[in-house]
Number of protein chains: 2
Amino acid sequence: MSLPGEFELIERYFAPLASEGSFSLRDDAALLEVPEGKELVVTQDAIAAGVHFFADDPPDTIAKKAIRVNLSDLASKGATPLTFSLALGLHSNLTEEWLVGFVDGIAEDCSKFSLSICGGDTFKVAHGPVVSITAFGLVDKGSYTSRLGASVGDELFVSGQVGLGALGLRVRKGTVNLPDQASADSFLSRYLVPEPPLKLASTISDYASASMDISDGFVGDLEKLAAASGLGFDIPFESIPLPSVLDNMPQDAMEISVALTGGDDYQFIFTVPAERVDDMLASTKALDIQLSHLATANDRPGSVEIKTADGRHIDLSNKSWRHF
Amino acid sequence: MSLPGEFELIERYFAPLASEGSFSLRDDAALLEVPEGKELVVTQDAIAAGVHFFADDPPDTIAKKAIRVNLSDLASKGATPLTFSLALGLHSNLTEEWLVGFVDGIAEDCSKFSLSICGGDTFKVAHGPVVSITAFGLVDKGSYTSRLGASVGDELFVSGQVGLGALGLRVRKGTVNLPDQASADSFLSRYLVPEPPLKLASTISDYASASMDISDGFVGDLEKLAAASGLGFDIPFESIPLPSVLDNMPQDAMEISVALTGGDDYQFIFTVPAERVDDMLASTKALDIQLSHLATANDRPGSVEIKTADGRHIDLSNKSWRHF
C-alpha cells in the first residue's frame, strides 16, 4: 500500500481546504448554513475511471473534472456555488504522487471558484479512481431555474460552442483526425477539464424560464428539456455554434454527429421569454460568453428537429450518451 | 447491456421515491428546505463491492447498508434524517433483476425511516457496484453534537453490543468458527444490514457532549473521539458489551480482538457530563436500547486503554480498519 491512512490523508491534504461548519473535516458530518432569503441547491455527479475519464489522465484534471461537472449543474440552475462534499474511491496501487496531483487540482479549483470542502469520505475500490462529489449552491428564494419551466414561444439559447468535449474524447482515443492540430489539442484539454460558463448563473436566475447543462449530448439533452417543459424545438443547422474546424465537412460527417450527440460539453441550454431577450442579451454583454439563438419553442412536446437551410433533415441515430 | 437506460431507470424505479423539491428527479439538482430554527447536517459515505460488501450479497442488503451507514452518522450527531442523494455506479453485467432487488431495499428503508430521495446520479463503473450516498438531516439550531466536545470527567457510554458486524464478516469469509450457529447467523445479518440505534438521536442531541458512531472499530474510533476531544479513557474489559458467545474465550482470543477492532458496528459511543447521566438514562428507558457505561474521561489526550479486572492490559495491535 503506497497511500497514507485515511486519517493522515484527510489531515494532511484535505483539512487545509475545509469549509466553516466542517470541524476541519475531523467530524463525521458537517453543518451547512443557509442565509436568510436564500435556498440551498444540491447536486451529485460522480465520475469513474474508464467511463468519464482515463485512469492515466493527469490527476489534477480528474479532480477538476469531478468538481466542474457539478459546478456546471449548479450554475445552469442559476445557483452560486457554496461548498462540496467529496467521496474519493481509491484503488491500492495509486501512489502518493498521484494523490498530491489530485489534491493540487482540487485546491486550484477551490481557489479559482472560492470553494471549500464540507466533508466526504475516502474509501477503497477494486477499480478506480471513482470520484463522487455532492455540490451545494445558493439561489435567492424562489429563483431556482429547473428544466421544466419553458413555455411555447420562449427563445432557446446555447452558450459557447457545441461538441468540443466529445471531439476531444475522440482525439484522445485516436478515432478522429482533425485537420488542425491546435483545435485537436484545445478539444482534448476541454475534454479533460470542462469550462462551464459559471458566470451565466445570475443571468439564468434573472431571465431564464428553463435551463440545464449539456452533459450527455446537445440533441439528447435538448430533448430532455423539451420533454420536461412539454414543448419542442426546430433548430436550423446553421444556428448551432459548431467549432470552425468542422466548417468544410459534409453535414453527415461522423465528426458533426459526434459534436451534436457526444456530450461532455458543459455548456448551458436555456430558454428566455421573448419579451425579455433584449434585456438578457444586454446583461451578458460584459461577460465575454458566446450566446447563440437556436429556436423559438413550438408546441410539439419532446420534439427536437435539426434542418439545414436547403431543407434537409439531420438524422442522428445516437442522440446522446447512454450510461448502460 | 441488460439494464434500462438512465432515464428509464430513474423514471421507473427512483422517481416514486422522490422527495419534495426534487422535481420528481427529473431535474439536474434539487432544492432543500431548512425549516426555521433548524440547521442542516450533511454526511457522505460510500460503499464499494469487494471492500464494504461482497458483489454477490443480496442487492436489497447492499442498498440498506448504503443508506444505514449514512443514517448512523446522522443519528450519532443527534440529527433526524431528512432526505438523501444517491450516486449509483453500476457495471454492465448487472441484471434488471438485481436492480429491482436493490430498489426494493431502498424503498423498504425509505418507508421504514420516512425518507425520500432528493437527487443523485447513475453512472457506469468498470467494477461495481459502488454506492455513494449523501444524507441530510436536521438538528435544532446549536444542538449539533460533534466528536470534539467531551470534557475530562464526562462519562462514556456505548450503545448495543460491540463486534457483531466484524464477527459477521468473518462468518461470511469462513475465517471464524463460532460455537453457536444462531449467533453466527445473526452476526452475519448484522454485517449485511447494520442496525444503528437511530432512536438515540434525540438523547444525544439533548445530553451528549461528544458522540460518533463506530464504523472502523470500537477501539480505533474511541481513540478518534478521545483525540478530537483532547482526553482519554481507561476502560475495564468487563464493561464492554461483547456478545455472550465470546464469554468463555480467553481475552487474547482472535475473536475478541476482531470484535474490539473490526468495525462495521454502527453503534454509538458518546459522552455525557456526570451530572446529567441520571436524566439521560431516564430519558432512554422507553427506547429499549442497551446502554453500557464504559469509563470516566481522564486527562491523557488520545489515550484508550483496556484492562481486565486482574490488571492485565489488553494489547490490540490492529486497532481499526484502515482503508489503504
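Hey, among the residues in segment A:221-256 that are acidic (Asp, Glu) and more than 14 Å from every other protein chain (Cβ to nearest Cβ), which one's surrounded by the most Cβ atoms within 10 Å (Cβ to Cβ)? Among those residues, the one meeting the criterion is A:Glu255. Residues that are free of Cβ contacts under 8 Å to residues at least 40 places away in the same chain and outside any loop (DSSP other than H, G, I, E, B) within segment A:1-13 comprise A:Phe7, A:Glu8, A:Glu11, A:Arg12, listed in sequence order.
Considering segment B:120-147, the residues that are facing chain A (nearest Cβ under 7 Å) and among the polar types (S, T, N, Q) include one that is nearest to A:Ser132 (Cα to Cα), namely B:Ser132. For A:Arg300, the stated conditions hold: it is over 20 Å from the mean Cα position of the chain (by Cα), of a type in the set (D, E, K, R) and surrounded by 15 or more Cβ atoms within 10 Å (Cβ to Cβ).
Residues that are under 21 Å from the mean Cα position of the chain (by Cα), at negative phi, polar (S, T, N, Q) and modelled with pLDDT of 95 or more are absent from segment A:147-154.
This table checks each residue for (1) surrounded by fewer than 24 Cβ atoms within 10 Å (Cβ to Cβ); (2) in contact with a helix residue (DSSP H, G or I) (Cβ under 6 Å, 6 or more places away or on another chain).
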site: B:Val51; (1), (2): yes, no
site: B:Lys77; (1), (2): no, no
site: B:Gly89; (1), (2): no, no
site: B:Glu96; (1), (2): yes, no
site: B:Gly105; (1), (2): yes, yes
site: B:Ser111; (1), (2): yes, no
site: B:Lys124; (1), (2): yes, no
site: B:Lys141; (1), (2): yes, no
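The values are calculated or read from the model by the stated rules, or taken from the named source; none is laboratory data. Since the model is a prediction, treat every value here as computed from it, not as a measurement. All Cβ positions, even for glycine, are placed from backbone atoms using ideal geometry, and neighbour counts span all protein chains on display.
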